[in-house]
Amino acid sequence: MRLSLKEAEELVNKLNFRHVDNTVIAVVQDYKSREVLTVGFMNREALLKTLTTGYLHLWSTSRKQLWLKGETSGNLQLVIDLKVDCDADAVLVLVKPVGPICHTGNFSCFYRRLIELEFCG
């Protein structure tokens with residue numbers, strides 16, 4: 001999926017960005033299996049880059065910077081489609097993964113069950 005900058009800007013302007021950090025929630029899903037791969041945030045710049053390049057870009061709320069998902073590992077995420085929720089404050093990004101999306105090397109960031117977490121008291 002690749003749009004012109006004008007087309008992308010028109011779509012991005014229709015979203016309801018959170019006032020706290022000017023982002024929308026981004027749920028990233030494998031387009032074939034429908035497995036949820038990760039959840040992140042996108043600001044206007046991340047959405048525009050995603051829509052115009054065809055590769056998943058996210059906004060790091062902790063580092064306050066844009067990043068191309070897979071830039072370091074080579075595991076880029078090719079965007080097939082984007083959907084928006086009923087409030088227009090979250091997007092579902094359907095991707096064709098080139099490799100694992102998780103920084104741990106797992107295919108999905110959701111590889112552990114809650115019961116597997118160790119709680120420290």
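The values are calculated or read from the model by the stated rules, or taken from the named source; none is laboratory data. Values in this document were obtained by computation on a predicted structure and should not be read as measured data. Counting neighbours? That spans all protein chains shown, and the Cβs are built from the backbone with ideal geometry, glycine included.
Observations on the model:
- Of the criteria (1) over 24 Å from GLU7 (Cβ atoms); (2) more than 14 Å from the chain's Cα centre (by Cα), which one CYS102 fails: (2)
- Of all residues in region 22-66 being part of a loop (DSSP other than H, G, I, E, B) and touching a Phe, Trp or Tyr at 6+ places or on another chain (Cβ under 7 Å), the one that is surrounded by the fewest Cβ atoms within 10 Å (Cβ to Cβ): THR61
- Annotation for region 90-105: at least one member residue is touching a residue at least 40 places away in the same chain (Cβ under 8 Å) and either farther than 19 Å from LYS32 by Cα or of a type in the set (S, T, N, Q) (or both).
- Test result for ASP81, charged (D, E, K, R), modelled with pLDDT of 95 or more, on the phi < 0 side of the Ramachandran plot and exposed (fewer than 11 other Cβ atoms within 10 Å of the Cβ): no
- Among residues of region 10-21, those that are of a type in the set (A, V, I, L, M, F, W, C) and in a loop (DSSP other than H, G, I, E, B), counted: 3
- Residue in region 67-83 that is more than 20 Å from ARG2 (Cβ to Cβ), more than 12 Å from the chain's Cα centre (by Cα) and β-branched (Val, Ile, Thr) present: yes
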